[in-house]
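Notes follow once the structure below has been shown.
The values are calculated or read from the model by the stated rules, or taken from the named source; none is laboratory data. From a predicted model like this one, the values you see are computed outputs, not experimental measurements. No Cβ is skipped: glycine too gets one built from the backbone with ideal geometry, and neighbour counts run over all protein chains shown. Please note that ligands, DNA and RNA were not included when accessible areas were found on the heavy atoms of the full protein model with its side chains. Shrake-Rupley method; radii C 1.70, N 1.55, O 1.52, S 1.80 Å.
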Amino acid sequence: MNNEKILISFPDGSQKFFPKESTLEDMAQFISPSLKKKSVVGKVNGKVFDMKRPIDSDCEIELLPLNSPEGIEVMRHTATHILAQAVKRLFGKVNLGIGPIIESGFYYDVDTDQNITKGDLVTIEKEMNRIVAENLPIQREVVSQDEAEKIFSKDPLKLELLRKIPAEEEVTIYKQGEFIDLCRGPHLPSTHLVKAFALTNVSGAYWQGNSDNKMLQRIYGVAFSSKKELDQYFYLLEEAKKRDHRRLGKQLDLFMFSDEAPGMPFYLANGQIIRNELETFLRNLQDSFNYREVKTPLMMNQRLWEKSGHWNHYKDNMYFSEVDHQHFALKPMNCPGHMLIFKDKLRSYRDLPIRMAEFGQVHRHEFSGSLNGLLRVRSFCQDDAHIFVAPTQIEEEITSVLRLIDDVYRTFGFHYEVELSTRPEKSMGAISLWNQAEGALKEVLKKLGYDFRINEGDGAFYGPKIDIHIKDALNRSHQCATVQLDFQMPEKFDLEYINEQNEKVRPVVIHRAVFGSIDRFLGILIEHFGGAFPTWLAPVQVKVLPVSNDAHKGYTEEVTNRLKQEGIRVEHDDREEKLGYKIREAQMNKIPFILVLGDKEVREGNVNVRSYGEKKTREMTLEAFILSIKHSIENKEIRDTEYS
RNA sequence: GCUUCCAUAGCUCAGUGGUAGAGCACUUCCAUGGUAAGGAAGGGGUCGCCGGUUCAAAUCCGGCUGGAAGCUCCA
């Protein structure tokens, strides 16, 4: 210890000298013992520091409690060390990979001969709790590369990580009890501050995310600053499970799957109604944006795919068939078909832009392990369109596409984020063209005032793209719409139009989809609305129930027929069952409106209306009900109950 | 495709080597007039498929198919 002093500034503006090499813990202690007790980590000039890390120069500090965002992150990080320590204690010979924090928790990748199963998680958790109870102080140490290599000489994965650390960077290790880990930190001062955690899952994960590498066992956990938040987490998980589109799809008879066609959905009558509504909605909107709808074959000669470049980039994911010694492929995309339509006749600049839309069924052979209900399938319907434009029309046309997308998403109440994806490694065409295309997209987004994120290297192989991510009712993000610029396809297919100077020139193609996949979009809608669809989408919009079949059958039939005439999807439940039974069933089927008709309604020519999710009923004339429900359907009103 | 787990009645699930169970749904009968389940009886399963171990397999082992959570991939 020397006598040098450093000047420390606190958040309230006050300042004080401390001996050099003082720690945040010392400073907290100075202010008050209770602050020291509460603080688990701190910020030094905005950077998160361990409580016990010596400070050697003047700075601004801020002390943070466990329930601060930084505190929680550091706590999760410490939790993952405790996990690794527990696994080492229990399984002996274990090599550690990486153990980062993720949303709500953490994981650690471990390499061990022993197979860790979900059942082992309980045992590991117990050991973790023991380590927490042991209240092990956590110590940070700066070491040299050489020292570190000695420490981790028996840890091949750690050595690999260590050798990737640039020479100018400090190498730090963290110790708690017998456990040492290579780690950037920071960490909590002691293991007992990890309060509320649970291990959730175990799965395989490739070392360094590369499928050529060894597969490690990844143990997942969640951790929060209080037991209450942990409980809340599991509660929300339960809620999400209740909304799972696979479960609701079964419960509401929307769709099914069969072993005879893995990854390919069968739509039941109820689900097909919703799909048709979605299609009709977009078809009408596209009409107003001057699109023309086409239909191309499901299967085309393999030659076409070789020509388009899909063969090279995508053949492993395509389905093939051989008939009459000819090789055919099921289309994985609609674009080549649309290119053929464009080429079918001579085009003039006066024809542009040509907006060619198709609800096209595509087949893609996805890995069996990635299939997931309607969200990830092997056959789906794209609301695809290809817009052929002159280069000068790009900006205007993209602007109009983004307007269309906005119209659609607003209808469902989706907020969305915009992302620009640039040239991937496996790309086609000249880099200068790519740069030009990326520049054009950026320009439009800026002009429209979108706050967009750039996703380097995530573009399609033929061009950069704008992806739209929607946020659902549980605040989960889904990529749906995409707008892609393509200079390659026109080149490959030698597309031309005649310009003002009577010269043959190349058009540019804009690919775009709004729902993306109707199947996937339906899956997202099911979860977003929890199965309680807005009236315009609901498979059954009104259920008509007589108080007594004997006395009110005539009137319920009359009302049902009247609603049918008005184009409303209505069902009449005249089974010999109690009224309460029928109401329960209608509610469980999440039908927007129940009409109960008895003596009173017959006498007054009224209907008694109960909306989904509500206990209260309203009495009104049949005509008033028709007017109101038709208004709701025409305006595609969103019921507010689905956000509750 | 890879790792781990799972597959029992239409659905949700119980059943750890000795003759297949529950609730809901379904069928029949009885009852039945006002906003979330009226009562009784009955039918229904080659325990995903194929093979092995065993006197005996839903149960143990192997393969296949399908599913789940991740990883990888996603034009």
- Of the listed residues (A:S348, A:S321, A:S370), the one being surrounded by fewer than 18 Cβ atoms within 10 Å (Cβ to Cβ), out of contact with any Pro (no Cβ under 9 Å at 6 or more places or on another chain) and modelled with pLDDT of 95 or more is A:S348
- Note on the structure: Over segment A:420-437, the set of residues within 11 Å of RNA strand B (Cβ to nearest atom), open to solvent by 40 Å² or more (accessible area, probe 1.4 Å) and without any contact (Cβ under 8 Å) to a residue 40 or more places away in the chain is A:E425
- Message: Return the residues of segment A:596-615 that are near RNA strand B (Cβ under 8 Å from one of its atoms), under 46 Å from the mean Cα position of the chain (by Cα) and within 15 Å of A:G554 (Cβ to Cβ); say none if nothing qualifies.
- Response: A:L597
- Which one of A:H528, A:H552 is surrounded by 16 or more Cβ atoms within 10 Å (Cβ to Cβ) and near RNA strand B (Cβ under 8 Å from one of its atoms)? A:H552
- In segment A:340-358, how many are touching a residue at least 24 places away in the same chain (Cβ under 8 Å) and within 24 Å of A:T399 (Cβ to Cβ)? 12
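How many residues does segment A:447-465 contain that are within 12 Å of RNA strand B (Cβ to nearest atom) and either among the aromatic types (F, W, Y) or open to solvent by less than 10 Å² (accessible area, probe 1.4 Å) (or both)?
Number of matching residues: 4.
When you check A:V542 against the structure, is it in contact with a Leu (Cβ under 9 Å, 6 or more places away or on another chain), free of Cβ contacts under 8 Å to residues at least 40 places away in the same chain and not polar (S, T, N, Q), yes or no? Spell out how you get there, then give the answer.
Values: in contact with a Leu (Cβ under 9 Å, 6 or more places away or on another chain): yes; free of Cβ contacts under 8 Å to residues at least 40 places away in the same chain: no; not polar (S, T, N, Q): yes.
Here the answer is no, as A:V542 does not meet what is asked.
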- Are any of the residues in segment A:507-518 open to solvent by 20 Å² or more (accessible area, probe 1.4 Å) and within 13 Å of RNA strand B (Cβ to nearest atom)? no
- Among (1) open to solvent by 60 Å² or more (accessible area, probe 1.4 Å); (2) in contact with a strand residue (DSSP E or B) (Cβ under 8 Å, 6 or more places away or on another chain), where does A:R403 come up short? (2)
- Message: So, in segment A:66-93, how many residues would count as being at pLDDT 85 or above and open to solvent by less than 50 Å² (accessible area, probe 1.4 Å)?
- Response: 19
- Query: Do we find a residue being more than 30 Å from A:G530 (Cβ to Cβ), surrounded by fewer than 13 Cβ atoms within 10 Å (Cβ to Cβ), within 12 Å of RNA strand B (Cβ to nearest atom) and of a type in the set (S, T, N, Q) anywhere in segment A:555-565?
  - Reply: no
- Are there any pairs with C-beta distances below 7 angstrom linking a residue in segment A:596-619 that is more than 17 Å from A:T560 (Cα to Cα) to a residue that is in a helix (DSSP H, G or I) and within 6 Å of RNA strand B (Cβ to nearest atom), with the two at least 6 apart or on different chains, and if so which? A:Y612/A:Q587
- Mind checking which residues of segment A:217-260 are near RNA strand B (Cβ under 9 Å from one of its atoms), open to solvent by 90 Å² or more (accessible area, probe 1.4 Å) and under 23 Å from the mean Cα position of the chain (by Cα)? A:R246, A:R247, A:K250
- Item | Filtered residue count, segment A:267-294, keeping only those that are closer than 22 Å to A:E358 by Cβ, loosely packed, with under 14 Cβ neighbours inside 10 Å and either of a type in the set (V, I, T) or within 16 Å of RNA strand B (Cβ to nearest atom) (or both) | 1
- Among A:I138, A:I98, which is the only one that is assigned by TED's automatic domain parsing to the domain that holds A:S203, closer than 19 Å to A:H192 by Cα, surrounded by 11 or more Cβ atoms within 10 Å (Cβ to Cβ) and touching a residue at least 40 places away in the same chain (Cβ under 8 Å)? A:I138
- Confirm whether A:Q114 is open to solvent by 70 Å² or more (accessible area, probe 1.4 Å), in contact (Cβ under 8 Å) with a residue 60 or more places away in the chain and not aromatic (F, W, Y). no
- Item | Filter result for A:D259 (more than 30 Å from A:M75 (Cα to Cα) and touching a residue at least 40 places away in the same chain (Cβ under 8 Å)) | no
- Message: Given the condition modelled with pLDDT of 80 or more, touching a strand residue (DSSP E or B) at 6+ places or on another chain (Cβ under 7 Å), open to solvent by 80 Å² or more (accessible area, probe 1.4 Å) and more than 22 Å from A:H187 (Cα to Cα), answer yes or no: does some residue in segment A:19-41 qualify?
- Response: no
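Could you tell me whether segment A:493-500 includes any residue that is under 25 Å from A:S400 (Cα atoms) and either in a strand (DSSP E or B) or within 13 Å of RNA strand B (Cβ to nearest atom) (or both)?
The answer is yes; a qualifying residue exists.
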- Message: Just to be sure before I move on: is A:F152 touching a strand residue (DSSP E or B) at 6+ places or on another chain (Cβ under 8 Å), open to solvent by less than 10 Å² (accessible area, probe 1.4 Å) and more than 22 Å from A:L64 (Cβ to Cβ) in the structure I sent?
- Response: yes
- Of the residues in segment A:482-496, those that are open to solvent by less than 10 Å² (accessible area, probe 1.4 Å) and farther than 17 Å from A:Y291 by Cα come to A:L485, A:D486, A:M489, A:P490, A:F493, A:L495
- Might you let me know whether segment A:338-356 holds any residue that is within 9 Å of RNA strand B (Cβ to nearest atom), among the charged types (D, E, K, R) and more than 21 Å from A:D486 (Cβ to Cβ)? no
- Item | From A:F461, A:F533, residue being among the aromatic types (F, W, Y) and in the same structural domain as A:R364 (by TED's automatic domain parsing) | A:F461
- Item | Any hit, segment A:336-343, residues being within 32 Å of the chain's Cα centre (by Cα), surrounded by fewer than 16 Cβ atoms within 10 Å (Cβ to Cβ), charged (D, E, K, R) and under 24 Å from A:G463 (Cα atoms) | no
- Task: Identify, from the list A:K195, A:K214, the residue that is open to solvent by 50 Å² or more (accessible area, probe 1.4 Å) and within 10 Å of RNA strand B (Cβ to nearest atom).
- Result: A:K214
- Residue among A:L121, A:L66, A:L157 that alone is over 21 Å from A:W207 (Cβ atoms) and touching a helix residue (DSSP H, G or I) at 6+ places or on another chain (Cβ under 8 Å): A:L66
